[in-house]
Amino acid sequence: MTTLLLCAWLAGLQPQARPAIDVVLMVDVSHSVTYGAIKRDRTLVHDAGAALAASLAPGDTARVGTFGDTITLETARLTDAAAVRSAADALTDKVGGGSPLWDALVAAVAALEDGKARRGVVVITDGRSTANRTGFADALDRLERARIPVYVVMFDKSDHAIPDPGARLVRIAKATGGTCLFVERPAIAGAIARAAAALRDGLSATAR
Amino acid sequence: MLLAVQDRTTFRSTSRTVHVYATVQGEDGRLVADLTRDDFRVYEDGRERPLTVFDNTPQAITVALMFDMSNSMARYLDRIRQAGNAFVAALGAGDRVRIGSFGQEVAISPLLTGDRSVLARILDEELWPGGPTPLWYATDLAMTSLEGESGRRVVLLFTDGEDSGLLVPGKLAETRRHAERGGFMIYAVGVPRRSLADELRSLAEDSGGGHFLVPSEDDLASTFARVVDELHRQYVLGFASDLTDGKSHRIDVKVSRPGAKVRARKNFMAAEGVIR
């Protein structure tokens, strides 16, 4: 009996293996996000990619995509941080156009269908959704059925009253088991790190 | 009223035939839809040309419906949705619409469809107020979105202002050339009690489209429905042109009915090089 208790105690001292994650980061590069009145914000994809890269652990896989005029998402999973940063930097010129947010989420989830690790989507957006082939209700249904959590990092550059751009994203996060964080632009990197940690830990929460 | 609309008329693209869509109104402003081929005269640079195409049956329409979502339009959001839904409700069989908006971003739906539920969904989900008024850029993109379509191609703009070009540079001259080269018809509807910019009215008139003043917010929906009705009742005319200089040429359309006024595009771009 004593031996058994000792073995159990020793097992508890062993470092817990961190579950690997398989994540797709989708960054909104539409006009409403990347074009300011004075100059274009071309650093968003770089910053987001770097934040994701810094959050990766050995065994993790990641991909970076953007949505605006087109939805861009490479099929190959990246296994090291440098490759993730490089993939993000390669997308920095793809800015402008509409915001096919629902199409982008559906595409991201589809890309993760064959994954074996803990899968999740992290999306950076101002919440405006335009130029979608897929409507919200259809997208919500498909995302929910995929059982892949969507972690939303949302910021709104607009200083004008608009219909709540976050309401639908909160619904998606809740329905898929993800989280929805509302942040200012400088806090996006930290929010991505939190999202990656939440995916690794299997946490689900929505905070404003 | 739901018009019985013919299936889409496909014109074989011979560069010799210049198509002209004509709207005819009587002295009372009502649409005149009972004219015959013999009532029309078409002139190319002042020379009368025989009509080789004439059709006065309701034609299916292909429209890019563009909403100005700039800051100043935020207060009209509900009305805009109502007007958009009135437009959609007035569509006939075979009509197809692509919905877009311009303001914080220029966004045009990839869906060109006559499916009312899809169009209603887009009106409900994809209109976001805020930002400047990139009017010419948006008009240009709307035309580009219809580039691959055959037949009559229409851009309908609902806007309250003049181009501000803050986000993306767009030039009226380029938009005008694009409309002329592609034979696009431009329609513009202004917000209640406010006249449209002179440049926009001029662009609409030259393209053979039209512009509408809206007396009150309550008239928005009926104005959009009226545009659909007008588009359905246009005459399709065509004449053979042997011009090959790639330049802009004048078109004049006249009707013989006393008191009737005709609106049609005023210019076309001749083919360039040898026509085979």
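Projecting the Cα atoms of B:V214, B:A89, B:N71 onto the dipole axis of the stretch B:62-232, where Lys and Arg carry +1 and Asp and Glu carry -1 at the beta carbon, places B:A89 farthest toward the positive end. Dipole of the protein assembly as shown computed with +1 at Lys/Arg Cβ and -1 at Asp/Glu Cβ about the Cα centre; of A:S99, B:Y137, A:V152, farthest Cα towards the positive end is A:V152.
Using a ≥ b ≥ c from the Cα gyration tensor of the stretch A:20-110 (square roots of the eigenvalues), is it rounded, prolate or oblate, where a/c under 1.5 gives rounded and otherwise the larger of a/b and b/c decides, a/b for prolate? Note, shape of the stretch A:20-110 comes out oblate.
Along the axis of the charge dipole computed for the protein assembly as shown (Cβ charges of +1 for Lys and Arg, -1 for Asp and Glu, origin at the Cα centre), the listed residues A:P165, B:W128, A:I192 are led at the positive end by A:I192.
Hey, fewest Cβ within 10 Å first, where do B:T144, B:T23, B:T36 land in order?
Fewest-to-most Cβ neighbours within 10 Å comes out as B:T36, B:T144, B:T23.
As a ratio to 2.2 N^0.38 Å, the alpha-carbon radius of gyration for the stretch B:128-265 is 1.12.
Estimated from helices alone, the mean residue ellipticity of the protein assembly as shown at 222 nm is -9500 deg cm²/dmol (sum of -39500 (n - 2.57) over DSSP H runs with n ≥ 4, per residue). In a reduced charge model with +1 at each Lys and Arg Cβ and -1 at each Asp and Glu Cβ, chain B shows a dipole moment near 600 debye about its Cα centre.
The calculated FRET efficiency for the pair B:S256 and B:D218, based on their C-beta separation and a Förster distance of 45 Å, comes to about 0.75.
Partner shielding of B:127-136 amounts to 4, given as the average count of beta-carbon atoms from other chains within 10 Å of each residue beta-carbon.
Which part of the stretch B:232-268 falls in the paramagnetic zone of B:T57, meaning amide N under 18 Å from the point 7 Å along Cα-to-beta-carbon? Taking a point 7 Å out along Cα→Cβ of B:T57, the residues of the stretch B:232-268 whose backbone N falls under 18 Å are B:232-238.
Bear in mind that the values in this text are calculations on the coordinates, not laboratory data. Just so we're clear, the structure is a prediction, and the values are computed from it rather than from any experiment. Note that each Cβ is placed from the backbone with ideal geometry, even for glycine, and that neighbours are counted across all protein chains shown.
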